[in-house]
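Notes follow the structure.
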Amino acid sequence: MFARDGGSTGSVALVTGAARGIGAAVVDGLVREGATVAAVDIDADGLKDLAERSGGRVVPFTADVADPAAVADVVDRTEHDIGPIVTGVSVAGILRPAPLCETTDEDWADTFSVNTTGAFLVLRELARRMVPRGRGSLVTVGSNASGVPRTGMGAYAASKAATTMLTRCLGLEVARHGIRCNVVSPGSTDTPMQRLLWTDEDDLDRVIAGTPEQFRVGIPLGRIAEPADIADAVLFLVSDRARHITMQNLFVDGGATLRA
């Protein structure tokens, strides 16, 4: 499946935001496909659980993706101790919901520090290693909020929009070296981040049905995504089946954005 530029048996992948949710599902999928995965997160306990169920195929790295030195160190250690990284998936992200007029300077800065700068640091570090080798596949997990306005999510949406474009620009720059860069943009997905937004028993139903007072349509497919749904899209894009796909943004949201 991953024969040309992604994690075939014995190859090495790096995944950020790996301890839970979509990141953990991506790690599990890569392990099933035969890759050894450097799993990066600030959640040491979550990484430990992930590694323990992997049968030795997950190597945990507790690190903050917003720290340039930490990102460089993780990539150095991975390539020295495990092998050349051929697949990189940036999932790490935070959400600080608030109307823009109520968003604090700290929340704005933290959101961009993780969601945009963190992704930039990881993409840059991995691309620098991949270019001389002439192979590799990079996927950034964005959000469908990058493509449509959302009330109470301005900082998050703006950070994801920026990250989407930087990934596509990198894809243009490194395409001649045989490296592909793509984005997967989930909609509402049953993750701990999503559940932080829920306060009532009917919140799941409201997500599926839509909330007109927030100018938000529902999910046409009538279900919320599971982390594995997003991971499957990532696994496709890093595989040889997507060998002629780069600079694309794949929305995996059950049709919720009506592809606006």
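Values in this text are rule-based calculations from the coordinates and carry no lab data. The model shown is predicted, which means the values in this text are computed figures rather than measured ones. Note that each Cβ is placed from the backbone with ideal geometry, even for glycine, and that neighbours are counted across all protein chains shown.
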*Scanning for something in a loop (DSSP other than H, G, I, E, B), touching a residue at least 12 places away in the same chain (Cβ under 8 Å) and of a type outside the set (D, E, K, R), does segment 103-117 turn up at least one residue?*
yes
*Working only within segment 35-55, note down all residues that are of a type outside the set (D, E, K, R) and surrounded by 15 or more Cβ atoms within 10 Å (Cβ to Cβ).*
ALA35, THR36, VAL37, ALA38, ALA39, VAL40, ILE42, GLY46, LEU47, LEU50, ALA51, SER54
*Looking at this structure, is THR104 β-branched (Val, Ile, Thr) and more than 19 Å from the chain's Cα centre (by Cα)?*
yes
*Going by the structure shown, is ARG57 within 23 Å of PHE236 (Cα to Cα) and free of Cβ contacts under 8 Å to residues at least 12 places away in the same chain?*
no
*Go through (1) in contact (Cβ under 8 Å) with a residue 40 or more places away in the chain; (2) under 16 Å from the mean Cα position of the chain (by Cα) one by one and return the number of the condition ARG135 breaks.*
(2)
*Members of segment 162-174 found to be farther than 12 Å from THR111 by Cα and either in contact with a Lys or Arg (Cβ under 9 Å, 6 or more places away or on another chain) or aliphatic (A, V, I, L, M) (or both), listed by number*: MET165, LEU166, LEU170, GLY171, LEU172, VAL174
